[in-house]
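*Asks:* Sharing a structure, written as C-alpha coordinates. Questions coming.
The values are calculated or read from the model by the stated rules, or taken from the named source; none is laboratory data. All figures in this text were calculated on a predicted structure; none of them were measured in a lab. When we count neighbours, we look across all protein chains shown, and the Cβ atoms used for this are built from the backbone with ideal geometry, even at glycine. Calculation scope for accessible area: heavy atoms of the full protein, side chains included, ligands and nucleic acids excluded. Shrake-Rupley method; radii C 1.70, N 1.55, O 1.52, S 1.80 Å.
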Amino acid sequence: MASGRLRLGVNIDHVATVRNARGGPHPDPVRAAHLAIEAGADGITAHLREDRRHIRDTDMERLRAEIARPLNFEMAVTDEMVTIATRLRPHAACLVPEKREERTTEGGLDLDARPDALRDAIKALADAGCRVSLFVEPEERVMDAARALGAPVVELHTGRYAELWLAGDDAGIASERERLRRAAAHGAAIGLEMHAGHGLTTENVGPVAAIGEFVELNIGHYLIGEAIFGGLPEAIGAMRAAMDEARSGQSA
Ligand SMILES: CC(=O)[C@@H](O)[C@H](O)COP(=O)(O)O
Ligand SMILES: NCC(=O)COP(=O)(O)O
(Lines give C-alpha, C1' and ligand atoms only; values in the text may rest on other atoms or scores of the structure.)
(Ligands and ions follow the chains in the order given, each with its own letter.)
Protein backbone atom coordinates (compact mmCIF):
# COMPACT_ATOMS: atom_id res chain seq x y z
CA MET A 1 0.00 0.00 0.00
CA ALA A 2 1.68 3.28 -1.13
CA SER A 3 2.00 5.78 1.65
CA GLY A 4 3.64 9.03 2.68
CA ARG A 5 6.19 11.26 1.00
CA LEU A 6 9.23 9.47 -0.35
CA ARG A 7 12.53 11.17 0.53
CA LEU A 8 15.13 11.70 -2.19
CA GLY A 9 18.78 11.38 -1.20
CA VAL A 10 21.02 12.76 -3.95
CA ASN A 11 24.36 10.96 -4.30
CA ILE A 12 27.05 13.38 -5.54
CA ASP A 13 29.88 10.85 -5.97
CA HIS A 14 30.16 11.34 -9.69
CA VAL A 15 30.60 15.07 -9.56
CA ALA A 16 33.85 14.08 -7.87
CA THR A 17 34.53 11.56 -10.64
CA VAL A 18 34.48 14.41 -13.18
CA ARG A 19 36.55 16.66 -10.91
CA ASN A 20 39.19 13.98 -10.36
CA ALA A 21 39.55 13.45 -14.09
CA ARG A 22 41.73 16.57 -14.19
CA GLY A 23 42.98 16.67 -10.59
CA GLY A 24 41.78 20.23 -9.95
CA PRO A 25 38.97 21.67 -7.77
CA HIS A 26 36.24 21.85 -10.45
CA PRO A 27 33.43 20.74 -10.46
CA ASP A 28 33.08 20.93 -6.69
CA PRO A 29 30.88 18.17 -5.23
CA VAL A 30 30.00 20.35 -2.23
CA ARG A 31 28.67 23.05 -4.56
CA ALA A 32 26.59 20.31 -6.21
CA ALA A 33 25.26 19.30 -2.79
CA HIS A 34 24.14 22.87 -2.06
CA LEU A 35 22.45 23.08 -5.48
CA ALA A 36 20.75 19.71 -4.93
CA ILE A 37 19.37 20.84 -1.58
CA GLU A 38 18.14 24.10 -3.09
CA ALA A 39 16.45 21.98 -5.78
CA GLY A 40 14.61 19.92 -3.15
CA ALA A 41 16.90 17.05 -2.21
CA ASP A 42 15.92 15.75 1.22
CA GLY A 43 19.50 14.66 1.92
CA ILE A 44 22.94 14.17 0.41
CA THR A 45 24.63 10.80 0.01
CA ALA A 46 28.34 10.42 -0.57
CA HIS A 47 30.44 7.25 -0.72
CA LEU A 48 33.96 7.58 0.67
CA ARG A 49 35.47 4.55 -1.03
CA GLU A 50 38.68 3.01 0.27
CA ASP A 51 40.38 3.86 -3.04
CA ARG A 52 39.02 7.46 -3.02
CA ARG A 53 38.24 7.11 -6.72
CA HIS A 54 35.67 9.90 -6.41
CA ILE A 55 34.70 11.41 -3.01
CA ARG A 56 37.77 12.40 -0.99
CA ASP A 57 38.13 12.85 2.76
CA THR A 58 38.09 16.66 2.47
CA ASP A 59 34.82 16.47 0.48
CA MET A 60 33.19 14.53 3.30
CA GLU A 61 34.53 16.93 5.92
CA ARG A 62 33.20 19.97 4.00
CA LEU A 63 29.83 18.28 3.43
CA ARG A 64 29.54 17.54 7.14
CA ALA A 65 30.43 21.12 8.01
CA GLU A 66 28.38 22.93 5.39
CA ILE A 67 25.18 21.28 4.20
CA ALA A 68 21.86 22.07 5.82
CA ARG A 69 20.30 18.67 5.11
CA PRO A 70 21.14 15.19 6.43
CA LEU A 71 24.40 13.65 5.19
CA ASN A 72 24.35 9.93 4.45
CA PHE A 73 27.96 8.66 4.63
CA GLU A 74 28.34 5.47 2.60
CA MET A 75 31.27 3.36 3.70
CA ALA A 76 32.84 -0.06 3.73
CA VAL A 77 32.94 -2.03 6.99
CA THR A 78 36.55 -1.22 7.86
CA ASP A 79 38.30 0.20 10.92
CA GLU A 80 39.50 3.14 8.82
CA MET A 81 36.00 4.11 7.72
CA VAL A 82 34.47 3.58 11.16
CA THR A 83 37.16 5.86 12.61
CA ILE A 84 36.47 8.58 10.04
CA ALA A 85 32.68 8.32 10.36
CA THR A 86 32.64 8.32 14.16
CA ARG A 87 34.89 11.40 14.11
CA LEU A 88 32.68 13.26 11.59
CA ARG A 89 29.39 12.01 13.08
CA PRO A 90 27.16 12.36 9.97
CA HIS A 91 23.39 12.11 10.30
CA ALA A 92 23.53 8.63 8.75
CA ALA A 93 26.03 5.96 7.81
CA CYS A 94 25.26 3.28 5.23
CA LEU A 95 27.47 0.18 5.27
CA VAL A 96 28.14 -1.06 1.75
CA PRO A 97 30.32 -3.82 0.26
CA GLU A 98 33.42 -2.73 -1.67
CA LYS A 99 35.73 -4.57 -4.02
CA ARG A 100 38.63 -2.56 -5.46
CA GLU A 101 38.25 -4.06 -8.90
CA GLU A 102 34.54 -3.29 -9.14
CA ARG A 103 33.35 -0.57 -11.52
CA THR A 104 30.44 0.20 -9.17
CA THR A 105 28.72 -1.42 -6.21
CA GLU A 106 27.79 -4.88 -7.43
CA GLY A 107 25.48 -6.15 -4.72
CA GLY A 108 24.45 -5.99 -1.11
CA LEU A 109 26.44 -6.77 2.01
CA ASP A 110 26.87 -10.45 2.94
CA LEU A 111 25.54 -10.27 6.50
CA ASP A 112 26.70 -13.81 7.25
CA ALA A 113 30.36 -13.23 6.34
CA ARG A 114 31.61 -11.07 9.25
CA PRO A 115 28.72 -10.68 11.71
CA ASP A 116 30.92 -9.65 14.64
CA ALA A 117 32.67 -6.92 12.62
CA LEU A 118 29.30 -5.73 11.35
CA ARG A 119 27.79 -5.69 14.83
CA ASP A 120 30.80 -3.76 16.18
CA ALA A 121 30.61 -1.20 13.36
CA ILE A 122 26.86 -0.75 13.81
CA LYS A 123 27.31 -0.18 17.55
CA ALA A 124 30.24 2.24 17.15
CA LEU A 125 28.34 4.30 14.57
CA ALA A 126 25.12 4.28 16.60
CA ASP A 127 27.06 5.31 19.72
CA ALA A 128 28.38 8.24 17.65
CA GLY A 129 24.81 9.27 16.93
CA CYS A 130 24.61 8.04 13.34
CA ARG A 131 21.48 6.41 11.94
CA VAL A 132 22.96 3.18 10.59
CA SER A 133 21.70 1.45 7.44
CA LEU A 134 22.87 -1.69 5.68
CA PHE A 135 23.03 -1.85 1.89
CA VAL A 136 21.64 -5.31 1.17
CA GLU A 137 19.99 -7.60 -1.35
CA PRO A 138 16.17 -7.62 -1.38
CA GLU A 139 15.63 -10.94 0.40
CA GLU A 140 13.28 -11.51 3.32
CA ARG A 141 15.84 -13.62 5.18
CA VAL A 142 18.32 -10.73 4.84
CA MET A 143 15.81 -8.42 6.51
CA ASP A 144 15.71 -10.79 9.48
CA ALA A 145 19.52 -10.87 9.61
CA ALA A 146 19.74 -7.06 9.48
CA ARG A 147 17.24 -6.79 12.30
CA ALA A 148 19.19 -9.31 14.36
CA LEU A 149 22.37 -7.26 13.88
CA GLY A 150 20.62 -4.21 15.34
CA ALA A 151 20.47 -2.04 12.22
CA PRO A 152 17.41 0.26 12.25
CA VAL A 153 17.48 0.86 8.49
CA VAL A 154 18.22 -1.16 5.35
CA GLU A 155 18.72 0.11 1.82
CA LEU A 156 17.69 -2.47 -0.79
CA HIS A 157 20.06 -2.79 -3.74
CA THR A 158 18.11 -2.01 -6.90
CA GLY A 159 21.07 -2.65 -9.23
CA ARG A 160 19.75 -5.95 -10.60
CA TYR A 161 16.35 -4.34 -11.21
CA ALA A 162 18.08 -1.50 -13.10
CA GLU A 163 20.13 -3.93 -15.20
CA LEU A 164 17.01 -5.93 -16.12
CA TRP A 165 15.26 -2.68 -17.05
CA LEU A 166 18.14 -1.71 -19.35
CA ALA A 167 18.00 -5.17 -20.94
CA GLY A 168 14.27 -4.82 -21.57
CA ASP A 169 13.66 -8.11 -19.77
CA ASP A 170 10.01 -7.64 -18.84
CA ALA A 171 9.68 -10.95 -17.01
CA GLY A 172 12.90 -10.31 -15.14
CA ILE A 173 11.82 -6.80 -14.24
CA ALA A 174 8.53 -8.05 -12.87
CA SER A 175 10.25 -10.79 -10.89
CA GLU A 176 12.85 -8.43 -9.41
CA ARG A 177 10.25 -5.83 -8.59
CA GLU A 178 8.29 -8.51 -6.73
CA ARG A 179 11.47 -9.47 -4.86
CA LEU A 180 11.86 -5.82 -3.84
CA ARG A 181 8.21 -5.57 -2.86
CA ARG A 182 8.31 -8.70 -0.68
CA ALA A 183 11.55 -7.71 1.01
CA ALA A 184 10.26 -4.17 1.67
CA ALA A 185 6.99 -5.48 3.11
CA HIS A 186 8.76 -7.98 5.35
CA GLY A 187 11.43 -5.51 6.45
CA ALA A 188 8.84 -2.90 7.40
CA ALA A 189 6.76 -5.54 9.18
CA ILE A 190 9.69 -6.43 11.47
CA GLY A 191 10.41 -2.77 12.24
CA LEU A 192 13.08 -1.77 9.73
CA GLU A 193 13.04 1.60 7.94
CA MET A 194 13.18 0.77 4.25
CA HIS A 195 15.31 2.59 1.69
CA ALA A 196 16.35 1.65 -1.85
CA GLY A 197 19.01 2.70 -4.32
CA HIS A 198 21.47 2.04 -7.14
CA GLY A 199 20.88 2.48 -10.84
CA LEU A 200 17.57 4.29 -10.51
CA THR A 201 16.46 6.67 -13.27
CA THR A 202 13.34 8.67 -14.07
CA GLU A 203 12.44 5.83 -16.47
CA ASN A 204 12.66 2.95 -13.99
CA VAL A 205 11.94 4.65 -10.64
CA GLY A 206 8.12 4.45 -10.83
CA PRO A 207 7.59 0.77 -9.94
CA VAL A 208 10.09 1.09 -7.06
CA ALA A 209 8.64 4.37 -5.75
CA ALA A 210 5.17 2.80 -5.80
CA ILE A 211 6.28 0.29 -3.14
CA GLY A 212 4.76 2.09 -0.16
CA GLU A 213 7.13 0.75 2.48
CA PHE A 214 10.08 2.70 1.02
CA VAL A 215 10.65 6.00 2.80
CA GLU A 216 13.87 7.03 1.00
CA LEU A 217 15.50 6.52 -2.39
CA ASN A 218 19.20 7.29 -2.91
CA ILE A 219 19.96 8.27 -6.50
CA GLY A 220 23.16 9.64 -8.00
CA HIS A 221 24.82 8.50 -11.19
CA TYR A 222 21.77 9.09 -13.39
CA LEU A 223 21.09 12.55 -11.92
CA ILE A 224 24.68 13.69 -12.42
CA GLY A 225 24.55 12.38 -15.98
CA GLU A 226 21.31 14.21 -16.68
CA ALA A 227 22.77 17.36 -15.13
CA ILE A 228 25.31 17.46 -17.96
CA PHE A 229 22.47 18.04 -20.42
CA GLY A 230 19.95 20.12 -18.50
CA GLY A 231 21.35 21.09 -15.14
CA LEU A 232 21.16 19.44 -11.72
CA PRO A 233 18.04 21.30 -10.48
CA GLU A 234 16.13 20.22 -13.58
CA ALA A 235 17.29 16.61 -13.19
CA ILE A 236 16.24 16.55 -9.55
CA GLY A 237 12.90 18.17 -10.38
CA ALA A 238 12.17 15.50 -12.99
CA MET A 239 13.10 12.71 -10.56
CA ARG A 240 10.97 14.24 -7.81
CA ALA A 241 8.02 14.43 -10.19
CA ALA A 242 8.46 10.80 -11.27
CA MET A 243 8.61 9.66 -7.65
CA ASP A 244 5.56 11.70 -6.64
CA GLU A 245 3.58 10.48 -9.66
CA ALA A 246 4.30 6.88 -8.72
CA ARG A 247 3.36 7.49 -5.09
CA SER A 248 0.09 9.12 -6.14
CA GLY A 249 -0.74 5.82 -7.84
CA GLN A 250 -0.83 7.20 -11.31
CA SER A 251 1.87 4.75 -12.50
CA ALA A 252 3.42 1.64 -10.96
C1 LIG B 1 26.16 1.98 -2.64
C2 LIG B 1 25.69 2.58 -3.90
O3 LIG B 1 24.91 2.03 -4.63
C4 LIG B 1 26.25 3.87 -4.37
O5 LIG B 1 27.01 4.55 -3.43
C6 LIG B 1 27.14 3.55 -5.50
O7 LIG B 1 28.17 2.74 -4.94
C8 LIG B 1 27.67 4.81 -6.11
O9 LIG B 1 29.06 4.79 -6.04
P10 LIG B 1 29.90 3.98 -7.14
O11 LIG B 1 29.38 4.42 -8.49
O12 LIG B 1 31.32 4.32 -6.85
O13 LIG B 1 29.60 2.52 -6.86
N1 LIG C 1 23.05 3.80 -2.52
C2 LIG C 1 22.68 4.19 -3.86
C3 LIG C 1 23.25 5.51 -4.18
O4 LIG C 1 23.68 6.24 -3.30
C5 LIG C 1 23.23 5.99 -5.57
O6 LIG C 1 23.47 4.95 -6.48
P7 LIG C 1 23.50 5.39 -8.03
O8 LIG C 1 22.22 6.12 -8.32
O9 LIG C 1 24.69 6.28 -8.21
O10 LIG C 1 23.61 4.09 -8.80
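*Asks:* Applying the Karplus parametrisation 6.51 cos²θ - 1.76 cosθ + 1.60 with θ = phi - 60° to the phi angles of the range 149-165, what ³J(HN,Hα) value in whole Hz is obtained for each residue in order, glycine and proline being reported as x?
*Replies:* 7, x, 7, x, 9, 10, 10, 7, 6, 9, x, 5, 4, 5, 5, 5, 4
*Asks:* Additional query: Looking only at Leu63, Leu164, Leu95, which one moves most when the chain is put into a Gaussian network model with springs between Cα atoms under 10 Å?
*Replies:* Taking springs between Cα atoms under 10 Å, the residue moving most is Leu164.
*Asks:* Residues in the range 145-165, backbone N under 18 Å from the label point at Arg114 (7 Å along the Cα-to-beta-carbon vector): list them, ranges by number please.
*Replies:* In the range 145-165, the label zone of Arg114 (backbone N under 18 Å from the point 7 Å along Cα→Cβ) covers 146, 149-151.
*Asks:* Ordered by packing density, taken as the mean number of other Cβ atoms within 10 Å over each peptide's residues, highest first, how do 22-32, 187-197, 120-130 rank? Provide the component values of the computation, followed by the final result.
*Replies:* Values: 22-32: 14.5, 187-197: 20.3, 120-130: 17.6.
Answer by packing, highest mean first, reads 187-197, 120-130, 22-32.
*Asks:* Same structure, new question: Which number do you get for Rg(Cα) / (2.2 N^0.38 Å) in the range 7-247?
*Replies:* Working it through for the range 7-247, the quotient is 0.95.
*Asks:* To the nearest 0.05, what FRET efficiency results for Ser175 and Phe229 with a Förster distance of 35 Å applied to their C-beta separation? Please list the in-between numbers first.
*Replies:* On the way: r = 32 Å, r/R0 = 0.92.
For R0 = 35 Å, the calculated efficiency reads 0.60.
*Asks:* For a distance above 23 Å, tell me the whole-number percent of Cα pairs in the range 129-220 that qualify. Mind showing how you got there, number by number?
*Replies:* Details: 760 of 4186 pairs.
In whole percent, the long-distance tail amounts to 18.
*Asks:* A further question on this structure: Can you give me the accessible area per residue for the range 7-247, using a 1.4 Å probe, in Å²?
*Replies:* Using a 1.4 Å probe on heavy atoms only, each residue of the range 7-247 averages 43 Å².
*Asks:* Using 0.36 nm times the number of residues separating Ala65 and Thr78, minus their current alpha carbon distance, what extension gain do you get?
*Replies:* Details: separation 13, 0.36 × 13 = 4.68 nm, distance 2.32 nm.
Result: 2.4 nm gained on full extension.
*Asks:* Using modelled backbone amide H atoms (1.01 Å from N, in-plane), which distant-in-sequence or interchain residues come within less than 5 Å of Glu193's amide H?
*Replies:* Those qualifying (amide H under 5 Å, at least 5 residues apart or on another chain) are Val153, Val154.
*Asks:* If you don't mind, another one. Of all the accessible heavy-atom surface of the chain, with the other protein chains kept in place and a 1.4 Å probe, what percent is carbon and sulfur?
*Replies:* Numbers: 5700 of 11210 Å².
Solvent-exposed carbon and sulfur of the chain make up 51 percent of the total.
*Asks:* I need to check one value: relative contact order of the range 7-247, counting alpha carbon pairs closer than 8 Å and at least 6 residues apart, in percent. Mind dumping the intermediate values first?
*Replies:* Numbers: 443 pairs, mean separation 44.7, N = 241.
Computed over the range 7-247, the figure is 19 percent.
*Asks:* Right, next: Could you give me the ³J(HN,Hα) list for the range 115-125, computed from phi with Karplus coefficients 6.51, -1.76, 1.60 and θ = phi - 60°, whole Hz, x at Gly and Pro?
*Replies:* Result, rounded to whole Hz: x, 5, 5, 4, 4, 5, 5, 4, 5, 4, 5.
*Asks:* If I model a spin label at Ala167 and Arg103 as a point 7 Å from the Cα along the Cα→Cβ vector, what separation in nanometres do I get?
*Replies:* 1.4 nm
*Asks:* To the nearest 10 square angstrom, how much accessible area does Ser248 have with a 1.4 angstrom probe?
*Replies:* The value for Ser248 is about 70 Å².
*Asks:* Determine the gain in length on full extension of the stretch Glu50-Asp144; use 0.36 nm per residue of separation and subtract their C-alpha separation, reporting nm with one decimal. Please list the in-between numbers first.
*Replies:* On the way: separation 94, 0.36 × 94 = 33.84 nm, distance 2.83 nm.
Here the answer is 31.0 nm.
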